[in-house]
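Working notes for the structure below.
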Amino acid sequence: MYEIIDGKAISTEIKEELKVKVAELAEQGIHPCLAVILVGNDPASGVYVNNKKKACEFIGVKSLSYELPEETTEAELLDLIRKLNEDDSVSGILVQLPLPKHINEDAVLLAISPKKDVDGFHPENVGALCIGRSGFVSCTPAGIIQLLKRSNVEIAGKECVIIGRSNIVGKPMSLLMLRENATVTICHSKTKDLKEVTKRADILIVAIGKPKMITAEYVKEGAVVIDVGIHRLEGKKLCGDVDFDDVAPHCSKITPVPGGVGPMTIAMLMNNCVDSVILNG
C-alpha cells in the first residue's frame, strides 16, 4: 500500500516553525520584508501573488505589493528594482513571472540584488548552488528536499531520476540531490529509452510539463514519486505530469496534485524571506 506525501501538512509545519522564528527576530528588532512586483493582469499570477501575501501575513513577514500596469516599460521596472535594492527595510524582492513580452525577464532577474533574490534565480545564487556555497535556492526544488526528508525518505546512496531540465526545477533539483549524496540522472526530450532509465529510479522526480504522461510502465516497483506538474483539464479538474491512479499502486510514496509540491513552493519562499533578513542584516 502506498503512502501519500501530504504537502499541505508539511508546508503548514514549516510555516509554523517560521512563525516562531519571525517572532524571535522581532524581539531583536529584526523585521523581514518582502516586496512583490506584479506586472500586468495575468489571472494565474494574481492568484500566486495573493497566496504569497497570505503566507507572509501568516508567519508575520511584512509584504509590500507593487501591481503595475501591462504597459509598464522595462526601464520603469528596472528603476523600481533599483530603488528596492537600495531600501534597507526591504530584505527580499520577488518579481512574479511571466512578465509581458516587451520586458526581458533575464535582465529583470539579473537586476535583483543576489542578497534579496528570494526566488533563487539570480546567476550568482545558481552558481553558489553549483559549487556548494550558501545562497538562495529555487523554492520548488528546496521544497521537494523538505518533502522527502520530512517523509523519512532516505536520499543518500539512492538512484534519483529527474525528468525535466529547466532552470527553475530540473537543474537545481539535480544539484540538491547531489548535495544529499544521491546518484542523479537527468532525462529530457532527447533521452533515449526513457522508460528504461526511469525504471531504475528509487526516487523519480517528474517536471516535464505534460499532463499524466508518466504511467506505471515508467516506474520501478516501490519507488518514491514526486510530481511537480500541474495542469487544468476539462471540467477544471487538476492533474500532474504523473497519472496518479495508474502509478500510485506501484509506489511506496507519492505526491498528489494538488496538495503535494505546490504548497511547498510558497513555504520555501517564506523560508528564504526569513533567511534574507539575516543575510542583509
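Laboratory data are not the source of any read-out in this text; all were calculated from the coordinates shown. As the structure is a prediction and not an experimental result, all values here were calculated from the model. Here the Cβ positions follow ideal geometry from the backbone for every residue, glycine too, while neighbour counts run over all protein chains shown.
The table below lists the values:
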| quantity | calculated |
| --- | --- |
| Summed residue charge, Cβ within 13 Å of PHE121's Cβ, Lys/Arg positive, Asp/Glu negative | -3 |
| For the chain, calculated [θ]222 nm from helices alone, where every DSSP H run of n ≥ 4 adds -39500 (n - 2.57) | -12500 deg cm²/dmol |
| Whole-Å semi-axes of the ellipsoid equivalent to the chain (Cα gyration tensor, √5λ, descending) | 32, 21, 18 |
| Cβ-Cβ FRET estimate between ILE131 and GLU17, R0 fixed at 35 Å, reported to 0.05 | 0.80 |
| Cα gyration tensor, segment 31-116 - rounded (a/c under 1.5), prolate or oblate | oblate |
| The chain - charge dipole about Cα centre, Lys and Arg +1 at Cβ, Asp and Glu -1, debye rounded to 20 | 500 |
| Longest to shortest principal axis, alpha-carbon extents of segment 199-281, angstrom | 51, 34, 18 |
| Lys pairs, segment 147-281 - Cα-Cα below 14 angstrom, 8 or more residues apart or on other chains | 8 |
| Cβ-based exposure ranking for PHE58, PHE121, in which fewest neighbours within 10 Å come first | PHE58, PHE121 |
| In segment 31-116, lysine pairs closer than 14 Å at Cα, eight or more apart or cross-chain | 4 |
| Stretch gain in nm, segment ASN152-LYS237, where the contour uses 0.36 nm per residue and the Cα spacing is subtracted | 27.6 nm |
| DSSP-loop GluC sites (Glu not before Pro) across segment 185-251, with at most 12 other Cβ within 10 angstrom | GLU221 |
| Kirkwood estimate for segment 139-262, i.e. one over the average of 1/r between Cα atoms, Å | 14.1 |
| Given 10 as the ceiling on other Cβ atoms within 10 Å, longest exposed-site-free region of the chain for trypsin sites (Lys or Arg not before Pro) in DSSP loops | 1-100 |
